[in-house]
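Take a look at the structure set out below.
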Amino acid sequence: MPPQANVPLPPGYQLDEYRIERQLSLGGFSIVYLAFDQEDTPVAIKEYLPNSLALRSQGDALPSIAEENVATFRYGMKCFFEEGRALAKISHPNVVRVQNFFRANETVYMVMHYERGRTLQEHIQKHKGEIRESFIRAIFARLLNGLREVHTHKLLHLDIKPSNIYLRNDGTPVLIDFGAARQTLSLDTPLLKPMYTPGFAAPEQYNNTRRELLGPWTDIYSVGASMYACMAAAAPQAADQRLERDQLATAAKRWPDKYSKQLLNTVDWCMRLNYLERPQSVFALQKALADKERSVPRPTFLGGLRKRVRDLIK
């Protein structure tokens, strides 16, 4: 039986120095609101409220948390708070700007700059089959600038997908809704269902016991899957299914007459199941996207052997 959805805070609710206007999104881990500060400037506020651990009913501000879930809820709250504090140090035009974070209602809140526009997912649905190569290269080149800054701060996003790539009204992309706290919570508390997005999560995200396998290459898989979704207008086959039986048609095979061979090979490079065979840094992927003539490394027997040896000794 799926967990019950939490009731959002009502319009007009005064939350610290902010006034709630309405709910923007509701997920299994958090609720995002449109709110206004004391100067009537719009902000987006993300509330930590995983519905597998806590439940807020109609008319309540405080969530109800079963005694056996209190420790896990508080640990997740700490991860969420620390992620907000780390993101607040990043100031980049292609990464969501965290302005404030605070405790209230026995949970924590992250206040972000409110952006006007639409998600890449909405753009894909509106322009199915019509997304050009020039658009893909331009959007992801800028997005990678932001992701590179994130990685420079020793952070991972861990939930890159078209619905977490926001396109401002001027067309510039912004990376939103980081999943690092969700991933940490699921890794450290095995009683919780892992938190990732099938189709966009890398294979190593499905392995709850192997945190050391996560790295820049994990986000790069998700970037490749997001570019693939631009072309397919749908999410690619989930990585755990691919590990069992890989039925994903490569980009190079699906769209040879629509996109350049170099772009298609770059997408397939990002989505290799063996993390050692993917670009190991955002910079390596940026170079491939910037140079349309740049060749993409082919899978190698040595790379697969290195992975098997590395896995055996851990």
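R0 = 25 Å: FRET efficiency of Leu24 with Arg294, Cβ-based, nearest 0.05?
That pair, Leu24 with Arg294, gives E of 0.05.
How long are the semi-axes of the ellipsoid equivalent to region 117-299, from square roots of 5 times the Cα gyration tensor eigenvalues, in whole Å, largest first?
24, 19, 16
Once you put a point 7 Å from the Cα of Phe102 and another 7 Å from the Cα of Thr152, both along the Cβ direction, what distance in nm separates them?
Taking the simple label geometry, Phe102 and Thr152 are separated by 3.1 nm.
Using just the helices of the chain, give the 222 nm mean residue ellipticity in deg cm²/dmol: DSSP H runs with n ≥ 4 each add -39,500 (n - 2.57), and the total is spread over all residues, rounded to 500.
Value at 222 nm, helices only: -11000 deg cm²/dmol.
In nm, give the distance between the simple-model label positions of Lys78 and Asp40, each being 7 Å from the Cα along the Cα-to-Cβ direction.
It works out to 4.3 nm between the two label points.
Between rounded, prolate and oblate, where does region 14-113 land on the alpha carbon gyration tensor, with a ≥ b ≥ c its root eigenvalues, rounded for a/c under 1.5, else prolate if a/b exceeds b/c?
Oblate is the answer for region 14-113, as a/c is 1.5 or above yet b/c matches or exceeds a/b.
Grab the beta carbon distance between Tyr206 and Glu68, set R0 = 30 Å, and tell me the FRET efficiency rounded to 0.05.
For R0 = 30 Å, the calculated efficiency reads 0.70.
Going by how many other Cβ atoms sit within 10 Å of their own, how do Leu285, Leu34, Leu120, Leu15 line up, fewest first?
Arranged by neighbour count, lowest to highest, Leu285, Leu34, Leu120, Leu15 become Leu34, Leu15, Leu120, Leu285.
Neighbour counts of other C-beta atoms within 10 Å: give me Ser260, Ser57 arranged from fewest to most.
The most exposed by this proxy come first: Ser57, Ser260.
Pulled fully out, how much extra length does the chain show between Lys261 and Ser57, if you take 0.36 nm times their separation in residues and subtract their Cα-Cα distance?
Residue separation times 0.36 nm, minus the Cα-Cα distance, leaves 68.1 nm.
For the chain, what are the DSSP H helices with axial Cα length of 15 Å or more and mean Kyte-Doolittle hydropathy of at least 0.5?
Correct list, ordered by number: 216-232.
How big is the antiparallel share of DSSP beta bridges in the chain, given as a percent to the nearest 5?
95
With a cut-off of at most 12 other beta carbons within 10 Å, and DSSP calling the residue loop, which chymotrypsin sites (Phe, Trp or Tyr not before Pro) in region 22-67 qualify? Please list them.
none
Which label belongs to the value computed from this structure, given these candidates for P(r) over Cα pairs in 20 Å bins from 0, in percent: (i) 23, 45, 23, 7, 2, 0; (ii) 36, 59, 6; (iii) 31, 56, 12, 0?
Matching entry in (i) 23, 45, 23, 7, 2, 0; (ii) 36, 59, 6; (iii) 31, 56, 12, 0: (iii).
Bear in mind these aren't lab numbers, they're just calculated from the coordinates by the rules spelled out. Note that the structure is predicted; figures quoted are calculated from it, not measured. Here the Cβ is made from the backbone with ideal geometry for all residues, glycine too, and neighbour counts use every protein chain on show.
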